[in-house]
Amino acid sequence: MGPQAEDDLPVVRRWPPRMRVAAAIGWSSFLAACLGTLLTFAALDPQVIIDGVEGGEPGAAPWWLTRTGIYSIGFFLFWAIGAVAGMLTDYLHEAPPSEGHGP
Amino acid sequence: MNDGTAGAEVVSLYETHRKVYPREVTGRFARLRTLAAFALLGIFYGLPWVQWSGRQAVLFDLPARKFHLFGLTLWPQDFLYLSWLLILAALTLFFVTAVAGRVWCGYACPQTVWTEAFLALERFVEGDRPQRLKLDRKPWTTEWVLRKSAKQFLWIGFAALTGFSFVAFFTPARELAGSVLSLQLGGWETFWILFYGFATYGNAGFLREQVCKYMCPYARFQSAMFDHDTLTVSYDPGRGEPRGARKRGIDPKAAGLGDCVDCTICVQVCPTGIDIRKGLQYECIDCAACVDACDDVMARVGYRPGLIRYATERELAGQKTRYFRPRVLVYGGLLLVLGIGFVISLTLRQPIGLDIIRDRNALYRVLPDGSVENVYSLRILNKDDQAHRYVIEAQPAGVFQVDAEPVEVSAGEVRAVPARLRVAPGDLARAPRDLVIAVRAADDPGLAAGHGTRFFAPELDDDAHEDEHD
Ligand code: SF4
Ligand code: SF4
């Protein structure tokens, strides 16, 4: 077990900055979406929405409109909103207004 | 921090796809890690199949909006307990981090555990590090294709099983297995099994330590919870430096060398690919793989173990570690108080909920015999696992006559029932304005809930008008 040849050493993988930002936005908005879904649906029973769509006619709602379905759609909606906020934050942070060079 | 200079940032996408080929390690911490991984994976895949008095022991029944945790059933109304539990979990993490650093990352984080499992499958199919390096040097040979396909097959199968097990925490596992076998899985269940399976594959097979480096908030926060007395995996530079290769059997002191033989084994075993000898880095997940590996090297060259070990900064500087310091005491104290409070309130929790609404149309009614009647509407929520018959009573007893039948409420149901309370003409003078209406389970007198409300009568209605508008 002597010293190893340099190219045998593990390469530390580094992501390019754009990828890091994308990963950070994706993950933090995911965590926020989990929290948002939890809080929203602890207070709101999606059955209300289903009843509204069915209008007193059980079975009238499409197959995907179940409680699980609404939780799922809600979750992805929160995720998307969080991601948009993250992207905007990144954009505003990366592209400051150029002073004195306005149109 | 090893955050990379501007030069290191400019790397081609190609290079970022070069893999870390961690060497496997044996030793006490490796055994502990394997044990922890087996225990946690066992819980994850096994728990959905455990039954408890006729139903799944742990089931977050989202479609039915109730959580079963062994003997306990929680409803959306019990949301407080859930948030309380989350706060307790976060505090525990703070406490453990302050005392022992990132043990969570090394032994219990799902990201670590599933990455370990995927690495184990990879090792099983492709062999150890040198064999894998050799295999990848000559791609597209028959052996390469066979081994890679076998690995993918195992990985995908394992990921699918993981997705199934995840969904089985939310949909009864037995039914779910039945519908998978008969190919009658519902749309959303299919979606979530695939989604979670895909996420497992991506996180444990592909992203691996990049999740820890670029995505995990805890990995960044934890440095704020660290201090000089926190246990972390550290290299003892005082003992190791100056490092260098040497001939067997020579006295390092005479050669002007420290104990590190510069074999780079500690770098090769590191799942995040860092060199612990450069000091504490945020990429280090405290997995102790390098501790085992270096102890092994030390044993071979005949030196003492512990060149890399769990140590505090203060200890490495030659001082004594202070275990009882304000940070630890505050986290620990909070944890204790909140934990005890949680247990007490959970034991005192009555699986019954009661809302009382006064009849809004009439404040009171005078009956032909002169007695006065108030009407209330009760909403009884049975949060228990079985049906109960509830008797409605009014306190103080003896004054109010309750005109309401006992109500049967099945498990988890809400029922609205009217309750009429009457006071005989002779009792009106001593009837208090404030009273408590209670519901009590007929089969279990300890199971009761009460709410304060008001009783109005003609002589007592001074402030009736203001109440009329609420
Ligand atoms: S494994 Fe130990 S001896 Fe080898 S390079 Fe690392 S610290 Fe030095
Ligand atoms: S430096 Fe050591 S403890 Fe830290 S991640 Fe690498 S192998 Fe694990």
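The values are calculated or read from the model by the stated rules, or taken from the named source; none is laboratory data. If you're wondering where the values come from, they're calculated on a predicted model, not measured in any experiment. Every residue, glycine among them, receives a Cβ derived from its backbone with ideal geometry; neighbour counts consider all protein chains shown. When the accessible area is computed, the model is the full protein with side chains, heavy atoms only, and any ligands, DNA or RNA have been set aside. Shrake-Rupley method; radii C 1.70, N 1.55, O 1.52, S 1.80 Å.
A compact table of results
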| item | result |
| --- | --- |
| Unmet criterion (only one of (1) more than 14 Å from every other protein chain (Cβ to nearest Cβ); (2) touching a helix residue (DSSP H, G or I) at 6+ places or on another chain (Cβ under 7 Å); (3) not in a helix (DSSP H, G or I)) for B:Thr73 | (2) |
| Number of positions in region B:282-300 that are open to solvent by 10 Å² or more (accessible area, probe 1.4 Å), within 14 Å of ligand 1 (Cβ to nearest atom) and part of a loop (DSSP other than H, G, I, E, B) | 1 |
| In region B:226-250, residue farthest from the chain's Cα centre (by Cα) [restricted to those that are of a type in the set (A, V, I, L, M, F, W, C) and crowded, with 20+ Cβ neighbours inside 10 Å] | B:Val233 |
| Of all residues making up region B:216-243, the number that are more than 16 Å from ligand 2 (Cβ to nearest atom) and either among the acidic types (Asp, Glu) or under 30 Å from B:Val125 (Cβ atoms) (or both) | 3 |
| Test for B:Asp259: is it in contact with a Ser or Thr (Cβ under 6 Å, 6 or more places away or on another chain), away from ligand 2 (no atom under 14 Å from the Cβ), more than 30 Å from A:Phe30 (Cβ to Cβ) and open to solvent by less than 40 Å² (accessible area, probe 1.4 Å) | no |
| The lone exception for B:Lys253 - which of (1) within 11 Å of ligand 1 (Cβ to nearest atom); (2) over 30 Å from B:Met215 (Cα atoms); (3) open to solvent by 30 Å² or more (accessible area, probe 1.4 Å) it fails | (1) |
| Test: residue in region B:101-118 that is in a helix (DSSP H, G or I), within 16 Å of ligand 1 (Cβ to nearest atom) and touching an Asp or Glu at 6+ places or on another chain (Cβ under 8 Å) | no |
| Leading residue by the ranking (nearest to the other protein chains (Cβ to nearest Cβ)) among those in region B:213-249 that are part of a helix (DSSP H, G or I) and touching an Asp or Glu at 6+ places or on another chain (Cβ under 7 Å) | B:Lys213 |
| Tabulated pairs, region B:390-403, first open to solvent by 50 Å² or more (accessible area, probe 1.4 Å), second of a type in the set (Lys, Arg), C-beta under 6 angstrom, 6+ apart or interchain | B:Val391/B:Arg440; B:Gln401/B:Arg422; B:Asp403/B:Arg420 |
| Residue within region B:268-278 that is within 16 Å of ligand 1 (Cβ to nearest atom), among the acidic types (Asp, Glu), within 13 Å of chain A (Cβ to nearest Cβ) and under 28 Å from B:Thr112 (Cβ atoms) present | yes |
| Subset of region B:302-319 (residues that are farther than 18 Å from B:Val267 by Cα and surrounded by 15 or more Cβ atoms within 10 Å (Cβ to Cβ)) | B:Tyr303, B:Ala311, B:Thr312, B:Glu313, B:Arg314, B:Glu315, B:Leu316 |
| Where a residue in region B:205-217 is of a type outside the set (Val, Ile, Thr) and its partner, wherever it lies, is open to solvent by less than 30 Å² (accessible area, probe 1.4 Å) and assigned to a helix (DSSP H, G or I), with Cβ under 6 Å and at least six apart | B:Gly205/B:Phe118; B:Gly205/B:Trp155; B:Arg208/B:Thr115; B:Cys212/B:Ala219; B:Tyr214/A:Ala23; B:Met215/A:Ala23 |
| Complete set of residues in region B:133-155 that are exposed (fewer than 15 other Cβ atoms within 10 Å of the Cβ) and more than 14 Å from chain A (Cβ to nearest Cβ) | B:Lys138, B:Pro139, B:Trp140, B:Thr141, B:Thr142, B:Glu143, B:Val145, B:Leu146, B:Ser149, B:Ala150, B:Gln152, B:Phe153 |
| Search result, residues across region A:56-72 that are away from chain B (no Cβ under 14 Å) and open to solvent by 60 Å² or more (accessible area, probe 1.4 Å) | A:Gly56, A:Glu57, A:Pro58, A:Gly59 |
| Near pairs, Cβ below 7 angstrom, 6+ apart or cross-chain, from region B:263-281 (within 16 Å of B:Glu116 (Cα to Cα) and assigned to a helix (DSSP H, G or I)) to any residue that is at pLDDT 85 or above and within 9 Å of ligand 2 (Cβ to nearest atom) | B:Val269/B:Ala289; B:Val269/B:Cys290; B:Val269/B:Ala293 |
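Rundown of residues vs (1) of a type outside the set (Lys, Arg); (2) in contact with a Phe, Trp or Tyr (Cβ under 7 Å, 6 or more places away or on another chain); (3) outside the structural domain of B:Ala64 (by TED's automatic domain parsing), yes/no style:
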| residue | (1), (2), (3) |
| --- | --- |
| B:Leu133 | yes, yes, no |
| B:Ala160 | yes, no, no |
| B:Leu183 | yes, no, no |
| B:Ala199 | yes, no, no |
| B:Gly205 | yes, yes, no |
| B:Lys213 | no, no, no |
| B:Pro217 | yes, no, no |
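For (1) at pLDDT 85 or above; (2) of a type in the set (Gly, Ala, Ser), each residue gets a yes or a no:
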| residue | (1), (2) |
| --- | --- |
| B:Leu85 | yes, no |
| B:Val103 | no, no |
| B:Pro110 | yes, no |
| B:Lys134 | no, no |
| B:Leu146 | yes, no |
| B:Gly163 | yes, yes |
